[in-house]
Structure formats: C-alpha cells, structure tokens
Amino acid sequence: MKLYSAIIFDMDGVLVDSEPYHIKIERELFRKLKLDISEEEHARYMGTASDVMWTEIIRSRKLDLSIDEIVELNYRESEQYFSSLQQIPPMPGLVQLLDWATGLGIPMAVASSSVPEVVKIIMDKTGLRKYFKQVVSSRAVGKSKPEPDVFLHTAKLLSILPEQCIIIEDSTNGIKAAKAAGMFCIAYLEASSSTQNADMADLRIQDFYELKPVLKDMIS
C-alpha cells in the first residue's frame, strides 16, 4: 500500500460539529434579509467560504447589496456567536487519534474555509491548536473549496508533496478540492454530512475510532 507522510484536516464538521452553528447563523441572516433559501440549496454551499455562498445568492436573487456588506455581516455574526460559547467539544475519538499521531511525529495541519478569526476561536476553545503544525484559512490563498488552493498551500507550508498528503473532509466541495489537489481523501461521514456526496472520496469512515487502524498501514 502507498505510504503517506502528513494528514490535513478540514475543521467544520470534521474537528468539531460546528456546521449546525454555521447553519443557524446563516439561516438567521436569510430571515433578516427575507430570503427564501431551501435546506437543499443551503446544503450545496457546505464546505465553501462564506463569500462564495453569498456571491451566488446575490447573483441568483438579484440583491441590491454588495458582497462586502453581506460577508462582513456574516463574519461579525459568526465571530460573536462562537465567542459566546463557553467551550466547543471536539468530535468523539478525535483527541485520541491526534495524541496517537503526535506520538509518532506525523505532521498534521488544518485547512479550513472559515475566516481566520472564527478558526482561531474554535481552535482555542477546543484546545486542539497544539496538535497542528499549520492552521490555514482559505482566505490566505484567495480561493475557496472546491478549488484545491488551500490544500496545496497547506502542503507547501508542511514541506510535503501533495501526493503524500491525506485529507480528512466531510463536504462535497472539500472532497472535490482534495482530489483536485491530487491528495488521498478520507470522507468523514457523521450526521451533519448526510446531505453531502462522498462518491469522489478514496475512503469513507463513520467515526475517528475506526480511523487509527487504517492510518497505521498508510502513514510512513
């Protein structure tokens, strides 16, 4: 079996079950803006950056608002919401997996579509920051998933070739980005990912407890 050298994690829906929070924030903004966005349409934006979603909504609904105005509002609402939380629990089994990988010296990173401020809040409140050599927001590269830029940039920061990286993702857009980057993609299929298509993933798991034995045979 081919050996890999690094693991890159998505954040929302992978490290933490934050997607319900983002959905709640966004649906409240839809309500304030009097937008009729179905749950099915909303699910298509999962895994993309906020500006990508709002650009498409402005275009399709012909809104008389600038992308900068709406995105700034979304960012402020998100930052305020996550700051108000006392703590944010990591996904079940994740800490044990990270402890094991850290003990073996496996380089790990986070590559997220969320804005840097929200990424920092979540990483601090989960206590997970210590495990990762790099924590990268797609805003650092200018293009969001499904474009591969954030994964390629993260691999470069780790000094690891793209084809030597394992990506753990939960969204259709994130999986597309991982494959476009030429990386091995593991789809993490927990409850909030039920609307996402994981057909392009190389492997699927239901929880992190089953991932450790798989990685033992894959990591060099």
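The values are calculated or read from the model by the stated rules, or taken from the named source; none is laboratory data. This is a predicted model, so every value here is computed, not measured. Heads up, the Cβs are rebuilt from the backbone with ideal geometry, glycines too, and the neighbour counts pull from every protein chain shown. Only protein heavy atoms, including side chains, enter the accessible area calculation; ligands, DNA and RNA are left aside. Shrake-Rupley method; radii C 1.70, N 1.55, O 1.52, S 1.80 Å.
Some notes on this structure:
- Added length on full extension, which subtracts the Cα-Cα distance from 0.36 nm per residue, LYS133 to ILE205: 23.5 nm
- The chain: calculated mean residue ellipticity at 222 nm from DSSP helix runs of at least 4, using -39500 (n - 2.57): -13000 deg cm²/dmol
- Which of TYR188, TRP54, PRO20, positive extreme of dipole for the chain (C-beta unit charges): TYR188
- The Cα-based radius of gyration of region 87-197, divided by its Kirkwood radius, gives an Rg/Rh of 0.93.
- Links that overshoot a 27 Å alpha carbon limit, given the list LYS120/LYS143; LYS176/LYS212; LYS143/LYS179; LYS62/LYS125; LYS133/LYS176; LYS24/LYS143: LYS62/LYS125
- Over the Cα atoms of the chain, the radius of gyration divided by the Kirkwood radius equals 0.96; this is the Rg/Rh ratio.
- Carbon-plus-sulfur accessible fraction, the chain (probe radius 1.4 Å, protein heavy atoms only): 50%.
- Computed over the chain: relative contact order in percent, which uses C-alpha pairs under 8 Å that are six or more apart: 29
- Inter-centroid distance (Cα atoms) of region 176-220 relative to region 45-120, Å: 19
- Förster-model FRET efficiency, 22 Å R0, GLU117 and ILE23, C-beta, rounded to 0.05: 0.70
- Normalised per residue, the accessible area of the chain is 48 Å², obtained with a 1.4 Å probe and no contribution from ligands, DNA or RNA.
- Here the contact order of region 1-102, divided by its residue count and restricted to Cα pairs under 8 Å and six or more residues apart, works out to 35 percent.
- Cα gyration tensor shape of region 32-125, rounded if a/c is under 1.5, else prolate or oblate by comparing a/b with b/c: prolate
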